[in-house]
1. With the structure loaded, tell me whether A:Lys118 is at pLDDT below 95 and among the charged types (D, E, K, R) or whether it fails that test.
2. Here are B:Leu327, B:Leu395: which of them is more than 30 Å from B:Val114 (Cβ to Cβ) and surrounded by fewer than 19 Cβ atoms within 10 Å (Cβ to Cβ)?
3. Take the residues in segment A:208-217 that are hydrophobic (A, V, I, L, M, F, W, C) and buried (at least 21 other Cβ atoms within 10 Å of the Cβ), then tell me which one is nearest to A:Ser8 (Cα to Cα).
4. Here are A:Asp193, A:Asp201: which of them is closer than 14 Å to A:Ile223 by Cα and either in contact (Cβ under 8 Å) with a residue 40 or more places away in the chain or crowded, with 21+ Cβ neighbours inside 10 Å (or both)?
5. Please specify each residue of segment B:354-379 satisfying the condition of being surrounded by fewer than 22 Cβ atoms within 10 Å (Cβ to Cβ) and more than 14 Å from every other protein chain (Cβ to nearest Cβ).
6. So, B:Ala101, is that one more than 11 Å from chain A (Cβ to nearest Cβ) and assigned to a strand (DSSP E or B) or not?
7. Picking from A:Glu164, A:Glu151, A:Glu181, which residue would you name as being of a type in the set (Asp, Glu) and in a strand (DSSP E or B)?
8. Does A:Phe198 satisfy the criteria of being closer than 19 Å to B:Phe12 by Cα and away from every other protein chain (no Cβ under 13 Å)?
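The values are calculated or read from the model by the stated rules, or taken from the named source; none is laboratory data. This structure is a prediction, so every number in the text was calculated from the model and none was measured. Ideal geometry is used to build each Cβ from the backbone, glycine not excepted, and the neighbour counts take in all protein chains shown.
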Amino acid sequence: MIDQKVLSKIYLGAVLPTMETLSIEDPGASSYAGQWSGRIRFAVGLRGPRCDVVFKDSMVKVEPEARGPSDIYLFFPTTTMLNALFSGKGISIPIPLKGFTRLKGLMVFSRLAKHMEKVLDGATAPEKLRARLTLDILARTMAIISRDDPELRPLAKKIHGKAEFRIKDGHAVHVDFTRGEPKGIIGTAQSPDFLLEFATDDLFLKVSEDKVDVLAQACLLNIIVKGDLHMGQIVNVFLDKVGVYLPPKEVAK
Amino acid sequence: MSYSFKKSHDLFARAARVMPQGIYGHFTPVITVPGSYPYFVAKAKGSHFWDVDGNEYIDYMCAYGPMILGYANDKIDDAYRKQAGLGSCCSIATKLSVELAERVTRTIDGADWVMFAKNGADATSMAIMLARGYKKRTKIVLAEEGYHGTQAWAGTNSVGITPSDRADIVMVPWGDLKAFREVITIHKDQIAGVMFTPYHHPVFAEQRLPDPSFWPEMRRICDENDIVLIIDDVRAGWRLDLKGSAHYFGIRPDMACFSKGMANGYAISMLVGAEKLRITASKGYMTGSFWMNAPEMAVALVCLNEMERINITNVVKELGETLLKGLADLASVHGLKISITGPSAIPFMKFANETNFLRSQLFCGECAKHGVFFHPHHNWFLCAAHTMEDIHKTLEVADGGFRMVKERFGG
């Protein structure tokens, strides 16, 4: 079951932040980002999820705190309306509390979002970048659903340690369940308790699209599974739930 | 010399094309250490098996329990062949079903009747149905991390299970009488039965024996609240006490489930019950195409006789004690801290200073590559075919495994 509030946190806290990497690593994205400077605020309700997307020097920064003045302020009365904007399903008409005359900023954001969609779809970017962005989304989403999904929160409390996901000789992310609230972190863990290592970017992308028999690939040593397999079983439940919130087609949005 | 597993891996590549996961369930190599373990067996005899690459192993998993007298035991296999020659799956029941039922009711403490099936899960499923039917109540109490099969109600799977499948299952920590009392209060007059293993043997965690007062108190609470007390003795059964593990721990359940070692590797399971549940059991329609197969029943009769003759529980207990003492001594020599829990015939070893099993995986992987088949995450099993020579050789290999752990982790 999808919790709309959790989904909006995923869009703002896991999907949008990939724009940062994209604007650094992808020339097309950087070019879009360079067309405007300013701050766009996304906010749901008075106390709901929010974040700022800051355009500066051809780069994008996503700030979860959303403090201070913004150039454009998009207020969504409900999480469902924000989610409709990102998923493209349903009606989403945010209330532009501020900056609705700054059309250029909105257009640049819209172009960049569409570009990101194509990159994640595999239409424009190399596999390596796509895998990296998808891994980042995965780690952040896992942390969010572990913290906030009503069904998974009790399960997350049963595990303790760090789960790392990485491409062999490539990008790595981890989710830290060690203390307090789970955190999705870009980069390797110092000493992961559970490790999933994919032989290639392509294999990881196929796994993320649910096109691979993971256990069979582990036996064929194309996926290395190591460490706390009990944690791995629970992490697997989280991974399945990531696919519910962001179905393979949706991941690409 | 370290083993290689090329044929296993090549065969697995074929398997993965035609079977989901290639090898599924508890036989999946993923829960061992892929790359350090064989995937396919070629033959087995006594306490040893040989993989498809020709590597030989001293096996401490005993097929996850069923092999209690040892692989390819002549008495057992002769009994099977003899009966199979007279027919296997037939259109009506055989005399053997009566003889085996009589033998079981004489052997198992508190077994006034018996129903045969094929797998442990058949027996556990029948047990909860009968418990519900007996008191016309819906809820069943199970222990967290307990294992009773892969049925929807048992909570093992995450695929294809709906909330309604588990709506009437109430979970409590194993051995927690306070939690059990609390759920009885919360679900007053709704709990039909409680099913626990005789001691706690979760995967990925240390085993836990019951406090002396636990089972008598459970019995008392169940009696006071009209709750059917079920022991799932599928895994531990026959290795602690031929009369049942419940007898070993000093109580008499209302029903108990058995399988695994019952016919030394041939497929048979059973649910036994107390007199008070006989009429309820008589009203149920429970069956399977192969539940009345005669050869497995012939084997079970021989197996029970043989286990009794050799005093199986003493044999596996003493072998286990020797093995575990040897492992503890070796670990100490290497300056490593290990924890050994559970009965010596069904022990679980892990490294005491870790929760992520990385040392266990290295240790067991090294042992497997040198001919000793331990499991890093699951309890082990001793069988009557293990010998002192096996154990001495095992300890030689384990010495190398501990050395590797010391070198890699420092302690």
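1. Yes; evaluated as a whole, the condition is true for this residue.
2. Exactly one of B:Leu327, B:Leu395 is more than 30 Å from B:Val114 (Cβ to Cβ) and surrounded by fewer than 19 Cβ atoms within 10 Å (Cβ to Cβ), namely B:Leu395.
3. A:Leu215
4. A:Asp201
5. Answer for segment B:354-379, where residues must be surrounded by fewer than 22 Cβ atoms within 10 Å (Cβ to Cβ) and more than 14 Å from every other protein chain (Cβ to nearest Cβ): B:His370, B:Gly371.
6. Here the answer is no, as B:Ala101 does not meet what is asked.
7. Within the list A:Glu164, A:Glu151, A:Glu181, the selection yields A:Glu164.
8. Yes, satisfied.
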